[in-house]
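Scroll down for the structure; my scribbles are underneath it.
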Amino acid sequence: MLNSKAAMLGFCLSCALGLSAQDCHIALRGHIVEAGTGEPLAYASVSVPEAEKGAISDEKGYFVVADLCENTPYTVEISHVECDHFTQVVRLKENTEMDFRLIHNAVLKEVVIREKAIAPAPAQPEQQVDEIDLAASRGINLGETLRRLPGVTTLNTGLTISKPVIQGLHSNRIAIVANGLTLEGQQWGSEHAPEIDPFSAGKISVVKGAAGVRYGTGALAGAVVLEPAPLREEDGMGGWVAMGGFSNGLGLVASGALDWHLPSSTAAFRLQGTAKKSGNLRTPDYYLGNTGAAEFDLSAMAGWGKERWTHEAVLSTFNQRLGILRASHIGNLTDLQLAIDSPVPLNNDDAFTYGIERPYQQVGHMTAKYKVTQRLSDKWKWSGQYAFQFNHRREYDVVRSSGTAADKPQLSFRLWTNTIDLSAEHMPIGHWQGGAGIQGIQQTNFVGLGGLIPDYRTAGASLWAMERWRRFPNPWEFEFGVRYDYRRTSATTSGSLSNIDTLVHFGSISATAGVIYHFRKYLSATLNSGYAWRPPHVNELFARGVHHGAGTYEQGRPDLSPEKALNTSLSISLQKERLDVMLTLYHNRIRDFIYLDPQNTFILTVRGAFPAYFYAQSDAVLQGLDGNASLPFAKNWSLEARISLLRGYRLLADSLETPANDGQDWLPLMPVDRIQYGLKWSLGGQANDGTFVRLMAATALRQTRIPDEGLLKDAPPAFTTIGLDAGHTFRLGTSGRSLEIGLSVQNLGNIRYREYLNFFRFYADEPGLNVGLRAKMAFGG
Amino acid sequence: MIRTTFFIRPVALAMLFTSLTFQACKDDDTTTEQENITTVEVHLTGPGMDMKFYWRDLDGPGGTAPVIDEITLPAMTDNIMCHLHVYDESKTPTDNITEEIEAENVDHLFVLTPTGADVSIASDDTDDNGAPFNLETLWTTGSASTGTLNIKLHHEPTDKANTASPGGETDFDVTFPVKIQ
């Protein structure tokens, strides 16, 4: 428990910043309990021989050792008449509170401890992608990595363009937070994938439900949180090189990181890069023409410190070219109907190639970030962060090749974002731990001609505060947070930012409240309520044009009001040795939910008539159940299961609509009910620190709950795919080198199926059998 | 003093990076080139006849509805030569797309389908491979009647012989009212 907690905390980046010349005013707060019963141990004697300091735990098992030096290994020795002597080596980075569980004479490995006052969502359902899934899927893309979690699926435009969907909601309704920075791209588009390299993250987790207080207005329905592995603590060099290959599309991926901690200094650096290339994917029966992809990402991180100051700087660049299935490029409704009626894709180049032709997307994202933190006292610290992001998306359509259009994109979006964050955080004061902060954001979006959405500028400010109460051994834990956001957007519908003709502004409060009850050490229940909002996006306000992928004409509505979500969830978590069960029930009521409302008219265009969809608002309810279980039933064997159930419907806005279904209508494009189940065989304690084989089947039911009107009517039938993952880690000598090899097989049965949430289901089947092999060599560990 | 130095360095670095970014995209393909077919012209010539009929949607999909002329033809007339023109009138000067289509005649096919009106339409040209193209057609009218004429332009058709379903994608799909009197 201590180990895993420390390891988890260690993931947060800033802790890894090599710290400074010595600061010797750090306090270690501890709570001593008896490991078996969880009972606090009073009057235990604590000594830190290196510092010649000691303490005695109080009646509740608490103690404090003050004035310790940072970044110095200390041995914490605890003895108690009823227990064996306990020894733990710790290295403190800042004021720390930790649990000590007295067990039989345990001498554990040295751990680096740090605790953030604003911890990641403790009272909200949070799920981390486990090591096996991360290793097996990060070579594909972020969406593929996340969809293995219960309650998370993806909205796809083919396999290469994959957006995460959390409990039924996606795009502008969830935030993607990488290394403490919310990704700012053209998130509104359903065929705009997140600009994230999963290899850059050491840990990927998903926070479900209204997370607006922590992650801002984008996080109406949740957040995907990526954190890099900490920078190197020890002097010298380290790092890893990973290679992978996939049989389907003959994909190759190479990634590597080099870590360097300057000798006898606090400065540490990392250079990390990833390159990917893949060609046309293949379904069981044919190749999918023009579905290749290429990607190159690079990031550099540095951390250093002096006295009470720590600094962190990050530069990163992400570049991707994604081919789009040629057969999906259609001109009008007749073409779409022909494509839907045809069992095989029309106009498809059924051959393998790495070449990417039009239509394709070329996306670049650059980030520069600087963060400074100063420890003010043994309780308080403040930090400031400035970040710049530039997102450049170009979409190349099929055009007549002569003329000037030949080498130019048909759509181009450029988005510049500047953000400033200031926050103050504190360690427990009267058992309350938390912080407050302000944030400023400024954005300029330049679309250029014919870009579906107008050019705009946005400025915004936010103010937040968050506190958590926890007192051992009290089984109750509480969390409260509140935030205010203001956004002001000036848009131009005439195509020039010097000619602003529309101004909209929104401001509102978000709040969260959570309570956790710890029945036992291994069993807890969490009830959380969150209130979050989201201003309507520019595309919902001002869009006007034909959405060719869907064969619809879409028109924005300039007088939309913000969406407001009230999300309540109840989670039960049971974790005891190898047994791990988590069940979450949620209910999300969204007032003024923005959706595309089918009109009973057609808009006549030069390509023929398209059914009209106007943006509209009415209240919506999304509720469901997510669960996962890992049940050990024999030595080395366990049963694994994951389930996601969701019902999403809209309350009919007015009497003009047909009052069918008791005043409700199903929401379109809601994830289908999905169950994953299988067997895992493993040697060794931790998943990736040994040998494992896991066979999992995934069954997706047919979506029968679809709106009465609309073209997206026919949902594909239910299907079951089988996947296999296996891995083994070799320790190479004592130099800390290790080699991990892995095998992952997707769609083992090579079955034909189509996914409801894939826009390409109109045109083609999903990819067939895919065998992936990977190897990762770590050195200097 | 030392603290200040630490502050400045990364900020300067970030600014340098920022300026590089801006620089990089300035000379990049910042302009987009989007072709909007706004206008289809049906130019009919024959003995004592020179008429132009237009299908026009200058502001693109949505907004103001397209303006569509009614094609009026004399009854019982043969050898009416039809020449189609395609324009993007949202650009200045007007982009004559007909020239590009003609240059790539192998990759294009016009399909003209009359309904109701008593007019028969015959091909009067072929592409560079000798396959149908139909930029130019010969019309013969019968008795007085009314109906419609649908004109489609298929881009990259896979089977030019099958005019009902030639494949590829539809560049335009417009329908004129027709009156033969």
Looks like the range B:39-180, by Cα gyration tensor root eigenvalues a ≥ b ≥ c and the a/c under 1.5 rounded cutoff (else prolate when a/b is bigger than b/c, oblate otherwise), is oblate
Excluding residues fewer than 8 positions from B:Lys179 in its own chain, the lysines with Cα under 18 Å of it are B:Lys52
By the mean-Cβ-within-10 Å protection proxy, highest first, A:123-130, A:458-465, B:162-169, B:88-95 rank as A:123-130, A:458-465, B:162-169, B:88-95
Residues whose built amide H sits under 5 Å from the amide H of B:Leu109, excluding neighbours closer than 5 in sequence, are B:His154
Per the charge dipole of the protein assembly as shown (beta-carbon charges, Lys/Arg positive, Asp/Glu negative, Cα centre), the residue among A:Val546, A:Trp260, A:Ile204 reaching farthest to the positive end is A:Trp260
A correct Stokes-Einstein calculation for the range A:227-779, using the alpha-carbon Kirkwood radius, 10 °C and 1.306 mPa s, returns a whole-number D in µm² s⁻¹ of 58
Cα-based Rg/(2.2 N^0.38 Å) for the protein assembly as shown, rounded to two decimals, is 1.05
Over chain A, the sum of -39500 (n - 2.57) across DSSP H runs of at least four, divided by residue number and rounded to 500 deg cm²/dmol, gives at 222 nm -1000 deg cm²/dmol
Neighbours of A:Gly222 by Cβ distance under 9 Å: Lys/Arg at +1, Asp/Glu at -1, summed charge +2
Among A:Lys93/A:Lys369; A:Lys276/A:Lys576; A:Lys381/A:Lys776; A:Lys277/A:Lys408; A:Lys53/A:Lys369, the pairs whose Cα-Cα distance exceeds 29 Å are A:Lys276/A:Lys576; A:Lys381/A:Lys776; A:Lys53/A:Lys369
For A:Lys564, the aspartates and glutamates lying under 12 Å Cα to Cα, once residues fewer than eight places off in the same chain are dropped, come out as A:Asp592, A:Asp619
Simple spin-label estimate for B:Thr64/B:Leu138, 7 Å along Cα→Cβ, in nm, reads 4.0
Output ordering of A:749-761, B:74-86 (per-residue mean of other Cβ within 10 Å, highest first) is A:749-761, B:74-86
Here the gain from full extension of A:Val693 to A:Arg557, 0.36 nm per residue of separation minus their alpha-carbon distance, amounts to 43.7 nm
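Quick note: the coordinates plus some simple rules give every number you see, no bench work behind them. Nothing here was measured: the structure is a model prediction, and the numbers come from that model. When we count neighbours, we look across all protein chains shown, and the Cβ atoms used for this are built from the backbone with ideal geometry, even at glycine.
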